[in-house]
Amino acid sequence: MSRPARSLTLTARLLREGRVSCEEHARDVLDRCAEHASCNAFVTLDADRLLTAARAADRADPARRPLHGVPLAVKDNIDVAPLPTTAGTPALRHHRPGRSAEVWRRLAGAGALALGKTGMHELAYGVTGQNAAFGTVGNPVVPGHICGGSSSGTAAAVAAGLAPAGLGTDTGGSVRIPAALCGLVGMRPTTGRYPAAGVLRISRTRDTVGVIATDLADVAFLDGLLAADPAERYADPRAPSPRPDGRLRLLLPRPAWTGLDPRVAAVAAGRLRELRCAGADLVQVDLPGPADLLGEAALPVPLHETWHELACYLARCETCRDPGELIRRIASPDVADVLAPLLHGPVVPDERYRHALRVQDDLAGAAVGLLREHRADAFLSPTTILPAAPADVGAEVSVLGRPEPVFLSYIRNTAFAAVVGWPSISLPAGTTPEGLPVGLLLDTPPHTDRFLLALAARCARTWRSSADPAGGPAHHDP
């Protein structure tokens, strides 16, 4: 069984005040990691290095270190020198970057310690956490089920109580999907809000580092440390204006609410009722855009950009400089099926790529127009249309009795924000009768990240007010 870690802010306060030494806390964390080794959350876990860093933190002045001595989990496509960055693929097994990613430098500068590098779906091209090279990451909340991906290990580490928070990356849902399937908070910021240097990306247009935590306040705290532009860290000049009556108004895009697994629909319906009882206006809308958003816009852009992004990253790599070699050595069959065709040239022609970019621009404009037309605050939808599948799920999963591709099923609702570059956050919404977590997704326009966090807190307070006596979200029938 997993047990929640202390919140990030509480852990940091205890360490800064000296009520717990950094070394003592690090040893406790390492003990918990050993207890949960079967979860396979970490690809690299250097206990000696962590303890050395913790002892150094105990000698440092915590006054200007808001994350003083706090160990965090980091997805293994984000450089943390001198730890390896494998991106979950064999060709990079021994790659040790000489410089940390800028996002990690910011957190380390605030006093954070790297607990370890977390497992991921190979090259971030998948949503289950299955990895033929480094092993599948398990879901500590519901053993025997997938953790989600591609930021699988970070979600598993946080859900198992090994770290209070961690970093992932999100191209189409890779932070928010595992957060939802593990009962966590996962945020994808506005594309470009966090620095990208030192991250192995697969799409410059879609990729961003994101945050996974047990607590919404911790996500907001880390967002303030990570934002690339200091002027935008805490203010949203382009955020929607509050409604004169103070009422919350959310748009429910019909495509995102159709074809749901009945268990997801039941939990989500309960949360909607609670929002209405709290005075929120919930408006169903048809989101303009192509019928096949995934095929026309979500998938072509990363596939067109991946070769170039790999080449840029590998130019600084001593163990593998050739994207072709990296692709030829891919271990996971599902990832090889997608990327091996790149060995023979571009698989997405320039015109199809340009069309996808036009679609994303048109969709973004139409979505903002809907928010303005209805004077609404955000879009609200289930994060995933089904809960965590069994761990041995193959290429297809049953959706309302029909076999559907696993990848397309899980990114169906998360892809929208990635395509248009909006900030997006998945909140724990409750669990199915079997104990499978369900998430709800809030999306707002670009550069409204702090507004989104405040809006998410408002929704979360509404749901907590109707929690069951044990403190968990109540279960509701449809």
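May I ask what percent, to the nearest 5, of DSSP beta bridges between residues of the chain are antiparallel?
On the way: 32 of 46 bridges.
In the chain, DSSP labels about 70 percent of beta bridges as antiparallel.
Compute the Kirkwood hydrodynamic radius of the stretch 323-478, taking the inverse of the mean of 1/r over all pairs of distinct Cα atoms, and give it in Å to one decimal. Before the final figure, lay out each step's value.
Details: mean 1/r = 0.0533 Å⁻¹.
After inverting the pairwise mean of 1/r, the radius is 18.8 Å.
With a 1.4 Å probe and all protein chains kept in place, how do E35, E23, E309 rank by accessible area, largest first? Walk me through the intermediate numbers first.
On the way: E35 130, E23 50, E309 15 Å².
Greatest to least solvent exposure: E35, E23, E309.
Please work out the FRET efficiency for the pair R13 and R55, using the Cβ-Cβ distance as r and a Förster radius of 25 Å; give the result to the nearest 0.05. All intermediate terms of the calculation are to be shown ahead of the outcome.
Details: r = 20 Å, r/R0 = 0.81.
Calculated transfer efficiency: 0.80.
Would you kindly derive the ³J(HN,Hα) couplings of the stretch 270-283 from the backbone phi angles with the Karplus curve 6.51 cos²θ - 1.76 cosθ + 1.60 (θ = phi - 60°), listing them in order in whole Hz, with x for Gly and Pro?
In residue order, the calculated couplings are x, 5, 5, 4, 5, 5, 5, 5, 7, x, 6, 9, 10, 10 Hz.
So if I place +1 on the C-beta of Lys and Arg and -1 on the C-beta of Asp and Glu, and nothing else carries charge, what would the dipole magnitude of the chain be about its Cα centre? I want it in debye, nearest 20.
Numbers: 50 positive and 50 negative charges, 221 e Å.
Value, rounded to 20: 1060 debye.
At 10 °C and a viscosity of 1.306 mPa s, what translational diffusion coefficient does Stokes-Einstein give for the stretch 63-167, taking Rh as the Kirkwood radius over Cα pairs? Give it in µm²/s as a whole number. Spell out each step's value before the answer.
Values: Rh = 13.9 Å.
Reported coefficient: 114 µm²/s.
Separation between the R247 and R402 pseudo-spin-labels, each 7 Å from Cα along Cα→Cβ, expressed in nm?
In this crude spin-label approximation the distance works out to 3.6 nm.
Mean separation of Cα pairs under 8 Å and 6+ residues apart, divided by the residue count of the stretch 73-181: what relative contact order is that in percent? Provide the component values of the computation, followed by the final result.
Details: 237 pairs, mean separation 27.5, N = 109.
Taking the mean separation of contacting Cα pairs over the length of the stretch 73-181, I get 25 percent.
Residues of the stretch 117-152 with amide nitrogen under 19 Å from the 7 Å Cα-to-Cβ point of H94?
Under cut-off, by backbone N: 133-134.
For a quick protection proxy, order the peptides 444-456, 352-364 by their average other-Cβ count within 10 Å, most packed first. All intermediate terms of the calculation are to be shown ahead of the outcome.
Working: 444-456: 22.4, 352-364: 17.0.
My ranking of the peptides, most packed first, is 444-456, 352-364.
Over the stretch 372-435, calculate the relative contact order: mean separation of alpha carbon pairs under 8 Å at least 6 apart, over the residue count, as a percent. Walk me through the intermediate numbers first.
Working: 33 pairs, mean separation 18.5, N = 64.
The normalised contact order for the stretch 372-435 reaches 29 percent.
For the chain, treating each Cα as an identical point scatterer without solvent, what Debye log10 I(q)/I(0) comes out at q = 0.05, 0.08, 0.10, 0.14 1/Å?
-0.16, -0.42, -0.68, -1.41
Rounded to the nearest 0.05, what FRET efficiency do R204 and Q284 give with R0 = 30 Å and r taken as the Cβ-Cβ distance? Could you check?
Numbers: r = 35 Å, r/R0 = 1.16.
In this case the efficiency is close to 0.30.
Need the full-extension length gain, D31 to E318, defined as separation in residues times 0.36 nm minus the C-alpha distance. One decimal, nm. Kindly include the intermediate steps, with their values, before the conclusion.
Numbers: separation 287, 0.36 × 287 = 103.32 nm, distance 3.38 nm.
Fully extending the segment from D31 to E318 adds 99.9 nm.
Compare the peptides 24-31, 165-172, 283-290, 6-13 by average per-residue count of other Cβ atoms within 10 angstrom and give them in order, highest first. If you can, show how the numbers build up before the last one.
On the way: 24-31: 17.5, 165-172: 29.6, 283-290: 14.4, 6-13: 19.6.
Top of the packing list down: 165-172, 6-13, 24-31, 283-290.
How large is the accessible surface per residue of the stretch 264-316, computed with a 1.4 Å probe and reported in Å² as a whole number?
Working: 2100 Å² over 53 residues.
Counting only protein heavy atoms, the per-residue value for the stretch 264-316 is 40 Å².
When ranked by the protection proxy of mean other Cβ atoms within 10 Å per residue, highest first, what sequence do the peptides 142-148, 382-388 form?
Numbers: 142-148: 23.7, 382-388: 26.1.
So the order, starting with the most tightly packed, is 382-388, 142-148.
Using the alpha carbon gyration tensor of the stretch 1-85, what are the three equivalent-ellipsoid semi-axes (square root of 5 times each eigenvalue), largest first, in whole Å? Show your work: numbers first, answer last.
Details: eigenvalues 93, 53, 29 Å².
Semi-axes from the Cα gyration tensor: 22, 16, 12 Å.
How large is the translational diffusion coefficient of the stretch 128-287 in µm² per second when you combine the Kirkwood radius over alpha carbon pairs with Stokes-Einstein at 25 °C and 0.890 mPa s?
Translational diffusion coefficient: 139 µm²/s.
Round to a whole number: what % of the accessible area of the stretch 70-217 belongs to carbon and sulfur, probe 1.4 Å? Please list the in-between numbers first.
On the way: 1400 of 2780 Å².
Taking all protein chains in place, the stretch 70-217 shows 50 percent carbon and sulfur surface.
Would you give the gap between the C-alpha center of the stretch 446-461 and the C-alpha center of the stretch 84-118, rounded to a whole Å?
The two parts, judged by their Cα centres, are 29 Å apart.
Could you derive backbone 3J(HN,Hα) for the stretch 27-35 from the dihedral phi with the Karplus parameters 6.51, -1.76 and 1.60 (θ = phi - 60°), listing whole Hz in sequence and x where the residue is Gly or Pro?
Those phi angles translate into 5, 5, 4, 5, 4, 5, 4, 5, 5 Hz.
Can you show me the helix-derived [θ] at 222 nm for the chain, built from DSSP H runs with n ≥ 4 at -39,500 (n - 2.57) apiece and divided by the number of residues, rounded to the nearest 500. Could you put the intermediate results ahead of the total?
Details: 15 runs with 166 residues, N = 478.
About -10500 deg cm²/dmol.
Probe radius 1.4 Å, ligands and nucleic acids ignored: give me the carbon and sulfur share of the accessible area of the stretch 347-445 as a rounded percent.
Details: 2010 of 3620 Å².
The value for the stretch 347-445 is 55 percent carbon and sulfur by accessible area.
Amide H neighbours of T118 under 5 Å, at least 5 residues apart or on other chains, H built in the peptide plane: list them.
When sequence neighbours closer than 5 places are left aside, the close amide H contacts are V43, V74, K75, D76.
Taking 8 Å as the Cα distance limit and 6 or more residues as the minimum spacing, I'd like the relative contact order of the chain as a percentage.
Details: 1089 pairs, mean separation 85.3, N = 478.
Answer for the chain is 18 percent.
The values are calculated or read from the model by the stated rules, or taken from the named source; none is laboratory data. Every value quoted in this text rests on a predicted model; they were computed, and no experiment measured them. So basically every Cβ, Gly included, is an ideal-geometry build from the backbone, and we count neighbours across all protein chains shown. Remember, those area values only see protein heavy atoms, side chains included, never the ligands or the DNA or RNA. Shrake-Rupley method; radii C 1.70, N 1.55, O 1.52, S 1.80 Å.
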